[in-house]
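Q: Sharing a structure here in structure tokens format.
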Amino acid sequence: MKGKGGHVGSRFPLSSWEVAAASSVLLGFVLGLLGVYLTMPESDYSFLKLPRTLEDLQILRDHLETYTSDYTAQVLVGYCVVYIFMQTFMIPGTVFMSLLAGALFGVFKGVALVVFTATAGASSCYFLSKLIGRPLVFSLWPDKLSFFQEQVARRRGGLLNYMLFLRLTPTLPNTFINVASPIVDVPYHIFFLATLIGLVPAAYVTVKAGIALGELQSIGDLYDFNSIATLFLIGIVSITPTLISKSKS
């Protein structure tokens, strides 16, 4: 299986410059978070941790509501750095961050914030994967990578529509798409546009649920049958022009 960069195979361990590149990115995020922390007022921040449950999220929401009104800029920057960091290094739990955006900022601002940070995080992951991701993707998802590369090669003429379909539907995990796209030669401008546009519907569903956070019993409540069916319908609409053009040709 070959891409633009040559044979897609396992190269491990990473070279020294690849380790240095990943370490530099990590250091940048750490310094960003440290800067936000140092500009916040003295207080007990023991509640600050990545939420893993709805209960964790509710505690975080309750504490951050006051800070959000008094220290909006710091909370926004801290939120963006954490979300982008999680996306870059494939740390699970961004759905909780999307819920938090709705709880703290409302629907319109929350959706804009989630789409911005998710797109920035996906882009960061894309370029990091371009540097060091090849052995990781090949070792973790060899079958998915083969399938994805085959689909991308077949759909070059309507690649934006196909990438939109993937973003709008749970056909492939977003984490995999972020890491694998540069490996199978998805151009960045197509990756960027599909991410920016394609994440809006799911972001809206999640952010809106965050406003009524106390009513959620589990994360599974976010995506019931109607929500998933709607996302698939939008996805099918996005890929229809490509199917029509193929049938005509």
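Values quoted throughout were computed directly from the atomic coordinates according to the rules given, and no laboratory measurement underlies them. Bear in mind that the values here come from a model prediction, so they are computed numbers and not experimental data. Every residue, glycine as well, gets a Cβ built from its backbone with ideal geometry; the counts of neighbours run over all protein chains shown.
Q: ³J(HN,Hα) across the stretch 208-217 via Karplus (A = 6.51, B = -1.76, C = 1.60, θ = phi - 60°), whole Hz, x for Gly/Pro?
A: Values per residue, Gly and Pro as x: 4, 5, x, 5, 9, 4, x, 8, 6, 9 Hz.
Q: Sticking with the crude label model, points 7 Å out along Cα→Cβ, report the distance from Ala20 to Thr39 in nm, one decimal please.
A: 3.1
Q: For the peptides 176-183, 39-46, 71-78, 16-23, what is the packing order when you average, over each peptide's residues, the other Cβ atoms within 10 Å and list the highest mean first?
A: On the way: 176-183: 24.0, 39-46: 9.4, 71-78: 16.1, 16-23: 12.6.
Packing order, densest peptide first, comes out as 176-183, 71-78, 16-23, 39-46.
Q: Once phi is turned into ³J(HN,Hα) by the Karplus curve 6.51 cos²θ - 1.76 cosθ + 1.60 with θ = phi - 60°, what whole-Hz value does each residue of the stretch 133-149 show in order, with x for glycine and proline?
A: Whole-Hz 3J(HN,Hα) from phi for the stretch 133-149: x, 4, x, 5, 5, 5, 7, 7, 9, x, 5, 4, 5, 4, 4, 5, 5.
Q: Okay, moving on. In nm, to one decimal, how far is the Glu55 label point from the Phe108 one, both placed 7 Å along Cα→Cβ?
A: Modelled inter-label distance: 3.7 nm.
Q: Just subtract the alpha-carbon distance of Tyr188 and Ile219 from 0.36 nm times their residue separation and send over the number in nm, one decimal.
A: 8.0 nm
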